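Down below is the structure, laid out as structure tokens.
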Amino acid sequence: MEKLYEAHLLSVCSALGGFDTVELDNGKKQKKYIIGDECYDCLKDLKKFLRQDDANVEKHVSRALGSWMIVQKDLIPILIEYKDNDKIAMAVVEVLVPLTWPIEISLEEIKNEDQDLPSQLEYLISYKEAIISTDALNALFEIIIKPLSVSYRDRTYRETALIRLIFLLIRNLLCIKDKEASVLTSTDKLRRSTLQEKLMIKLQKSNFIELLLSFAGSLDETEYVEWNMLILEIFYHMYIGRDPEEILSNKHVGLSHKVTELLKHEQKMNSIDLKKRYSRHSRFGGSYFIEFENGKKLNILQSNAINLSMDEILDNNKKIKPKIAKKDEKYLYTKRITDEEARAIYKSTADLFVENCFNSFYTSIKKDFDMQRTKVREIDYIHFIWFCSFILKYREYAYEKASEEDKLKYSFDSINSILNVKGLLFIVYRLKLYQDEKKWQEIGLTLYCLKYVLITLNCMSDSDDENYREASKNLQHNLYYEEETLNIIINLCRNYKTRNSNKHFLRNLIETIHILLKMLEKFSKENKYLYTRKQKAIRKKNENESNEVEEEEINKKYYEHEFHFTNVEQKFASDTIINTYIYCLEDYKSLKESTIHQITKMFYRIAIKCGLEPMFFKLSIFELFNRILSEKEILPNSQSFRELYEFINYIVNSFFIYLEKDPMLSIGILFQKSKKDCLEIKYGSEYFDTNKEEVEKKNSSDDEIEVKAGLSKNEKLSVAISLLKENKKEQYIQWIKDTIDKAAETRDIINYKDKEDEQSKTEKQENTDYVIEPEDDNQKVIMEKDQQLRLLMNLLGFKEIKEFESPENENENENENDLIEKNVWIIPKEFTRYELMETRKLIILYENDPIELLSKKPASKLIRKVKKRGQRKRVTHRKSNGNGKGSEVITTDLSAPYILDEKDNTSDSDDDEAFNAFLKREAELRQRTYEKHEKIIEEENEKRSQALLKREKILKNIETKINNNKKSRKTRSRQSTDPIEIPDGNNALKSIEIEDDNNDDQIETIISPKPTKKKLLKLSEMNIISDEDDDYEEDTTTNDNKNISQELKLNDNLTTTSTNKNQNIGIAFESDTESDSDFEFQFKSLQESFSNKKESETETDILKLTTLDTTHTDNNTSNIMEFKDFTNSDINNNKRKIDESNDIKEIENNIENIQINSKKRKKMLIVESDSESD
């Protein structure tokens, strides 16, 4: 700091005031601090100086004020003497808060030479000691009472700021840590090492603790919610480093117990040392030599060598490497309480907090966390988690030591705000977050909190109150339902690094795993069906137009699995986890007996329950076991150590048993072992391979089967069930029924119930797919290979999907994209409980009463293999050499015409790159060809649909006209007796004779439905059909028209017409108007000659048209010409009818051609496609 700046700062401090002798009312004189005239302005200037000092790392102003002892000599006296002056008191508090602010520096700031960190810490401790040794806290309490006495709505901003400043000052004093001191240090240092306890006593006497408790118990109210984070910090720093067990323990009893343990340990060490004491001989008496097998000798000069083992003799002269210093635990350290008065204050404050404050305190802070308010800092999460774990631990110890009357205030209701699903998910989420960020100190703290949550749930499950037991069961189910929770803890143990973590974290982790497995094993035994939800990541690669992979989409899905506790134990059976536990066991001399028991229990689960004893056949493990057994006399003779000794003996005996069978095992102890290696050591590789072959033979071939077509879905189901029964696989049917029962149970658990409170509604889960988990490896192979079982599962609606999961023994440095792909069977979430139970009833029905078809044929005759795409057919040509002696065989693929030729293709068939490029090009060509054919098929289908619509329209019109014709024929039969008049050119009438087969009489009739003019159609172009036929037959019409045209060949000579008087013809009439169109008649004519007799017995009714007047030949010619003109106007109508019949046949032919072409294209696609799947 510059001298000018320092002089200005000193002048400001000098103007604050000073001590002066004042005469009291009783005549006595006393020293009293008198403020200067500009004291308030000087305090404001100091505040400005400190504000500027915040930006500097060196903290020149703070260090200068600390060296001048401004706090002890000026600020505290001003605060005590002028506490009633609100203006001066608030100015003093505004200066004290930045001066006592805790030091928050990073590693880079510590390395800065300009920063005098020890001196700053010394100043802070001196400030704390000065405030404790005076009445400053009493003055602060009187100052804060004034704004608190004002109602919340009437309180000004200045009054609210004063409350916050005083709370910040209390927080700052609690943040200042005491110095560590031993018994041999000076009195001054020993006094400074207990300032925190003295501060607690001072806060209690000044009523600040009661004020803080009242604030904590009212944080759920609007008036106090703004102080929740500050109150959290105060209580965190108040209890950090304090052990609940020590707070609740009796000082004299605790010390006597520790002294007794130390004396016992010392006696055992002395008894061992007696065996290793030096002999009475001189130093030359300890001269020895060791002779090795190769004849070499090693001289040893050690006086006590006769009492040492060979290893101790050889290692005597070795240099011991210094151990790497581990980081101290940041949050879970403990410090002994020396003052009984402070211990009592700690206890009473914690009791009141648990009884009255914790629920409202937890709810208010958790709400701000959930809403992510701006005032929440990352460090607040740490403080909150630590304080919750402290309260849970304190309540547990207090409940155990309390009397029956006092147990009510430590009941589970006092901490029920954290014992819900949201509280559990919050802890698990923070644990996963810190694990991803690799914050090991925070992981250890969160794990510590989770441990005491589990302990509390375990105590609730053992409670006499049924409500507590039910709540514990519900919470445990929600905790175990997420499989990710178990995986987080397993990964913590697997990924533990001995160089980066401390032993305190490891012991905490081992204890948490032990409690979790113990509770989970008990819970799985009590509940018949237990399910867990597992998250699967499905990665999809996006390709652009140039077939380049751009990004991967990760879709997360959840699947339900049936829970088996043995599977959880198998997850812990890995070499990395065993190494972690062995690393902790290295400190067996200093470990607690509870930790020894937890380590032994985990070894027992892996070796005995999982049957993997060979995992412990390692040289480093044997060396540790040997050390433990050699120091058996020194170690305590407790139950936990006796369990450890028994396990060590079991492993060593097992090793020598397997060593006799396989001598190569002596070399195998140098390497790690997987689960497969352990099974080979136990059962032998031949047995392992034989067992695998037997399981594969048991199952059917890989050819997929299906039920033949023509049966309904239920009938196919009956065939599949009967097929399993024929092959004596009834156990598969029973397994399917049990699986359906279990899936139905999950639907029950997931469905909501009536009349539930809001808390239970948050604990429900959505429907998820039920994953069918195989019970063992044999069943897994059966589900993959047994096609008869797969047929039944497919017919039941089960689905086989692909899933991806990370390998079990993954490391941090491994690529995250290395996922294991496997197929799993699921029962889709769309199946309700009712549908599943109906399906089960259907299986039972067909199991006992199959369909009738199965009584005639066995089920094996009703199935067939699913045709798979085989290898691409290859066409072989033989090319003759010309001389007939030999031929060259040329084999080509059918897809060869579609494969592009490239000159850079290598001729070597073993070239993988060329082969892969070939497959890629062929796949692209197949895809393009497939898309092209699909487009053509879609167009033809559209044409086909339009043609069908047109055909239906035409057929409808024809049907309408045929019905009209039928009506007209009925009308014609009724009017057959009327004569027909044909007007000729001279307006004369010619008659038409109708000759009946039964009567030879000629009847003259005139048909006149309406008085309209009739037109005679042209006979050569007229469509004539039989009365009995309602269809348009093209061939018959053509033949009839030919006969009529032959009959009506008219010559230019009119005389020829007169000779053919009896010529038979057929005619039709059509009205000019639309109303007469219904009276259209068509007749059929037959050629008859007058030379033969009448053959009317074999013919139908024929209409004969003869001319009535043969004498007028001149009129005949004109009549014929008029006949032709008369029929020209009606030719188009008959052509339209013929065209409609032709259109119908043309449409039918087109449809047949389309169907034939589509079949040909499908065959072409099958030939062109590749046999291998994409």
Find the centroid of the Cα atoms in the range 30-107 and in the range 584-659, then give the distance between the two in whole Å. 62 Å
Carbon and sulfur together cover what percent of the accessible area of the range 66-206 at a 1.4 Å probe radius? 54 percent
Each label point is 7 Å from the Cα along the Cα-to-Cβ direction; what then is the distance between the points at K557 and K297, in nm? 7.8 nm
Distance in nm between pseudo-label sites at A55 and N487 (7 Å out along the Cβ direction from Cα): 5.0 nm
Rounded D (µm²/s) - the range 97-242, Kirkwood Rh over Cα pairs, Stokes-Einstein at 20 °C, 1.002 mPa s: 127 µm²/s
For the range 116-151 and the range 333-379, what is the separation of their C-alpha centers, rounded to whole Å? 21 Å
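Roughly how many percent of the accessible protein surface of the range 592-640 is carbon and sulfur, given a 1.4 Å probe and a whole-percent answer?
53 percent
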Quick check for you: with a 1.4 Å probe and neighbouring chains kept, what is the accessible area per residue of the range 86-244, in Å²? 45 Å²
I need the Kirkwood Rh of the range 385-437: take the reciprocal of the average 1/r across all distinct C-alpha pairs and report it in angstrom. 12.6 Å
Given the convex hull of the Cα atoms of the range 50-106, what is a quarter of its surface area in nm²? 4.2 nm²
Stretch D464-K401 to full length: gain in nm at 0.36 nm per residue minus the Cα-Cα span? 20.9 nm
Distance cut-off 20 Å, Cα to Cα: go down the list K716/K841; K47/K87; K528/K676; K439/K592; K422/K503 and report the pairs above it. K528/K676; K439/K592; K422/K503
Which whole-Hz ³J(HN,Hα) couplings does the range 670-675 yield from phi under the Karplus relation 6.51 cos²θ - 1.76 cosθ + 1.60, θ = phi - 60°, glycine and proline marked x? 8, 10, 6, 10, 8, 5
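The values are calculated or read from the model by the stated rules, or taken from the named source; none is laboratory data. Keep in mind it's a predicted model, so treat the numbers as computed, not measured. Reconstructed Cβ throughout: ideal geometry from the backbone, glycine too, with neighbour counts over all protein chains shown. Keep in mind that these areas ignore ligands, DNA and RNA; they rest on the heavy atoms of the full protein, side chains included. Shrake-Rupley method; radii C 1.70, N 1.55, O 1.52, S 1.80 Å.
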